[in-house]
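Here the structure comes first, spelled out in C-alpha cells, and everything after it is commentary.
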Amino acid sequence: MKFGKVLGRVVSTVKVESFEGIKLLLVQPINEKKENNGDPIVAVDTIQCGIGEFVYYETSREAACVIETEMNPCDTAIMGIIDEMTLEEKK
C-alpha cells in the first residue's frame, strides 16, 4: 500500500472498454510525512475521491482487482481515503 494526494482529474474521451464510467485522477505519491515521493501518476478511482484528499493506492495486479472486468489494463487504483494518519516518534 502506498500513500498519495489527489492533485486533479484526468479527462479521456476515448478509453478501453473496461475503463468506461470510471474516473481517472492524478495522484502525487507521498511518504508518511506527507512529502512528495516521486512523479505524479494516473490512478483509477472507484470510491469517489476529491481533489486535495489524501489516499492510499495499490499498483500492479492488485490494482486491476478493483475493476469488475477480469482482464483490464489497470496499473494503479485508489483503495481508500485517509481520514487521519498518526506517527509515533522513535525513542
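The values are calculated or read from the model by the stated rules, or taken from the named source; none is laboratory data. Quick caveat, the model's predicted, so the values are computed rather than measured. Please note: Cβ atoms are built from the backbone with ideal geometry, for glycine as well, and neighbour counts cover all protein chains shown.
I'd like the full set of residues that are within 15 Å of P29 (Cβ to Cβ) and over 15 Å from the mean Cα position of the chain (by Cα), limited to the range 73-91.
M85
Does any residue of the range 47-69 turn out to be modelled with pLDDT of 85 or more, among the acidic types (D, E) and closer than 17 Å to K15 by Cα?
No, the range 47-69 contains no residue that is modelled with pLDDT of 85 or more, among the acidic types (D, E) and closer than 17 Å to K15 by Cα.
What are the pairs with Cβ atoms under 7 angstrom where one residue, in the range 17-45, is touching a residue at least 40 places away in the same chain (Cβ under 8 Å) and the other, located anywhere, is of a type in the set (S, T, Y)? Sequence gap at least six, or different chains.
Every condition considered, the pairs that remain are S18/T69; I22/T46; V27/Y57.
Can you pull out the residues in the range 37-61 that are among the hydroxyl-bearing types (S, T, Y) and over 11 Å from V27 (Cα atoms)?
Once the filter is applied, which keeps residues that are among the hydroxyl-bearing types (S, T, Y) and over 11 Å from V27 (Cα atoms), the range 37-61 yields T46, T59, S60.
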